[in-house]
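Reading through the structure tokens given below for one structure.
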Amino acid sequence: MSGLVQNKKCLGLAMFASLSGVLYGYNQGVFGQVQVMADFEHRFFTTLNNSSTKGLLTGILELGAFVGALSSSPLADKFSRKLSISAWCVVFILGVALQVGATNDIAYIYSGRWFAGMGVGGLSVIAPMFNAELAPASIRGTLVGLQQVAICLGIMISYWIGYGTNYIGGTTYPQQSSAAWRIPLALQLLPAIILCIGSWFLPYSPRWLMLVGREEESLTVLARLRNQDTNSPEVQYEYRTLKVGAYADREASRLRYGTEEKTWRTEVLEYERIFTTKVLLHRVGLGAGVQAFGQWSGINAIIYYAPTVFAQVGLSGGSIGLLATGVVGILMFFFTIPGTLMVDKVGRKPMLAWSLVNMGIAHAVVAALIATCGNNFGEHKSAGNAAIFLIYWIVVNYAMPYGPVGWIITAESSSLDIRAKGVAIGSAVNWIMNFAVAQVTPVMITNIGYKTFIVFFCFCVLGLAWVYFILPELKGLSLEEIDAVFADEISTEDRLRREQIQFQQVEKSSCSE
């Protein structure tokens with residue numbers, strides 16, 4: 001906590017940038033609410049009555065987000081992190097407007113969710129990257145973890161707004177007004193507009209400024225963020241570390257591609273290099289892996305289809321399902337906060353392991369209860385209550401340990417020269433797996449019932465093995481020091497280049513004195 005107090009400016013900036021997480025979470029939660037509203041069901045009955053098209057309607061947002069996440073890296077490197085935030089907000093606003101204006105044509109919903117998905121996909125890359133690059137190592141985990149707190153806040157808000165607006169005009173058709181579902185969709189515009197305009201007043205990332213050669217500006221911004229003078233030893237040390245890294249990366253780009261400038265050609269070649277270089281693929285794979293196992297832990301099946309999932313364990317009726325879903329939102333938000341504060345003290349690996357063990361056990365027991373009781377939870381109320389409790393237990397054990405850590409590892413595992421692309425790939429994996437879960441969950445619930453929870457149990461076991469055997473602990477390390485964790489895999493050429501540049505900087509500094 002003392003680190004947060006000492007870095008209040010960084011905390012405030014990170015909280016504002018994390019409004020993007022509110023958009024992400026609100027989108028995740030609101031559509032599950034909207035789909036069970038009577039007026040929406042009547043207008044789009046044909047699509048919602050088929051489990052495959054229902055899954056696609058939910059999942060098309062993730063497909064758009066996949067494209068947005070992969071497209072975000074060139075924008076972030078070319079135009080800066082902060083201006084990219086504004087650009088993706090515009091795309092998101094377009095998507096929301098299309099959905100709110102839909103009449104009886106499902107194409108408006110599909111296209112609107114696609115563009116909204118592109119917006120949140122791009123923002124899901126830029127905001128954690130921005131927060132990671134502003135933060136000192138001591139609180140980086142907490143500031144990046146704010147993204148998950150914001151996501152859960154968005155989910156919680158969407159659930160309760162959906163529960164409230166469901167009563168506009170009545171809860172059945174034809175009494176219910178279309179405002180019941182248009183209002184919760186339209187309310188997304190407010191934080192999007194605030195973030196779009198406010199992002200212009202954010203500082204540039206000092207790491208990005210150094211990357212594009214604006215060194216003096218980088219030093220000035222860094223000093224302001226740390227509330228210190230530009231000549232203070234701490235600021236000078238961090239500045240020189242950034243400078244050496246940026247110089248080495250530009251020199252490497254010149255040697256590899258014949259230019260220090262970032263062009264579309266070098267962007268493509270950089271992606272090719274990531275997928276053909278063992279150490280880079282390994283580092284990017286850490287972020288991608290933690291995102292993939294997070295999605296297949298079953299949490300988004302609960303978020304997207306909570307009313308359907310609760311119906312399977314005995315809670316029937318639209319309003320009752322929405323009320324039970326609202327509790328999911330509250331639990332996710334309030335349990336994410338302590339998880340975010342703990343991550344820099346406890347570490348990444350212990351929190352992930354705890355989460356996966358508890359979620360896996362809960363999935364297995366829920367599967368056993370449904371297999372035993374079938375559709376007769378009315379006659380087995382204690383079993384139904386136990387299943388509901390365990391679903392909430394899954395939510396708690398994702399929210400507190402796993403949720404914040406996933407975005408932290410994605411943001412910190414890649415080196416400076418490929419960080420934008422590494423975060424983009426990790427986020428893209430998040431979204432494509434998110435899409436897969438959204439697509440197959442209603443099909444699995446319809447066709448294999450309780451075995452759906454066994455599928456999620458198996459992924460929790462696989463994820464636990466991955467955390468134990470593959471994931472390194474990165475707690476307390478600066479983004480530059482993290483390179484040392486992978487030092488045995490970094491080429492001798494790159495190490496020597498950094499050492500040579502560092503020596504030259506020291507020599508130059510000595511001469512100036």
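Straight-line reach from Lys8: which lysines have a Cα under 24 Å away, not including same-chain ones fewer than 8 places off?
Excluding near neighbours in sequence, the set is Lys82, Lys345, Lys475.
Using the Karplus curve 6.51 cos²θ - 1.76 cosθ + 1.60 with θ = phi - 60°, work out ³J(HN,Hα) for each residue of the range 127-134 in order, rounded to whole Hz, and write x for Gly and Pro.
3J(HN,Hα) across the range 127-134, in whole Hz: 5, x, 5, 4, 5, 5, 7, 8.
Around Lys475, which amide H atoms from residues at least 5 apart in sequence, or from another chain, sit under 5 Å from its own amide H, with H modelled in the peptide plane?
Hits under the 5 Å cutoff: Arg348.
Using amide H atoms built in the peptide plane, which far-off residues or other-chain residues are under 5 Å from Ser205 H to H?
The answer is Arg81, Lys82.
Pairing the Cα long axis of helix 381-397 with the longest principal axis of the chain, what angle in degrees results, from 0 to 90 and rounded to the nearest 10?
For helix 381-397, the angle is close to 20 degrees.
So if the hydrodynamic radius of the range 100-246 is defined as the Kirkwood radius over C-alpha pairs, what does Stokes-Einstein give as its diffusion coefficient at 25 °C and 0.890 mPa s, in µm² per second?
Value of D from the Cα-based Kirkwood radius: 132 µm²/s.
Report, in debye and to the nearest 20, how large the dipole of the range 61-177 comes out about its Cα centre when Lys and Arg carry +1 and Asp and Glu carry -1 on their Cβ.
220 debye
Which ³J(HN,Hα) values, rounded to whole Hz and listed in residue order, are derived for the range 26-34 from phi using the Karplus coefficients 6.51, -1.76 and 1.60 in 6.51 cos²θ - 1.76 cosθ + 1.60 with θ = phi - 60°, glycine and proline given as x?
Result, ordered by residue: 4, 4, 4, x, 5, 6, x, 5, 4 Hz.
Which lysines does Lys78 reach when only Cα atoms under 18 Å apart count, and residues fewer than 8 places away in its own chain are ignored?
Straight-line reach from Lys78, under 18 Å: Lys262, Lys421.
Using θ = phi - 60° and the Karplus relation 6.51 cos²θ - 1.76 cosθ + 1.60, list the HN-Hα couplings for the range 40-55 in order, rounded to whole Hz, with x at every Gly or Pro.
5, 4, 5, 5, 10, 4, 4, 5, 6, 7, 10, 4, 6, 6, 5, x
Given the rule -39500 (n - 2.57) for each run of at least 4 DSSP H residues, summed and divided by the residues of the chain, what is its mean residue ellipticity at 222 nm, to the nearest 500 deg cm²/dmol?
-26000 deg cm²/dmol
Read-outs throughout are calculated quantities, based only on the coordinates presented, and are distinct from any laboratory measurement. Since this is a predicted model, take the numbers as computed values, not measurements. Methodologically, a virtual Cβ is constructed for each residue, glycine included, from the backbone with ideal geometry; neighbour enumeration extends over all protein chains shown.
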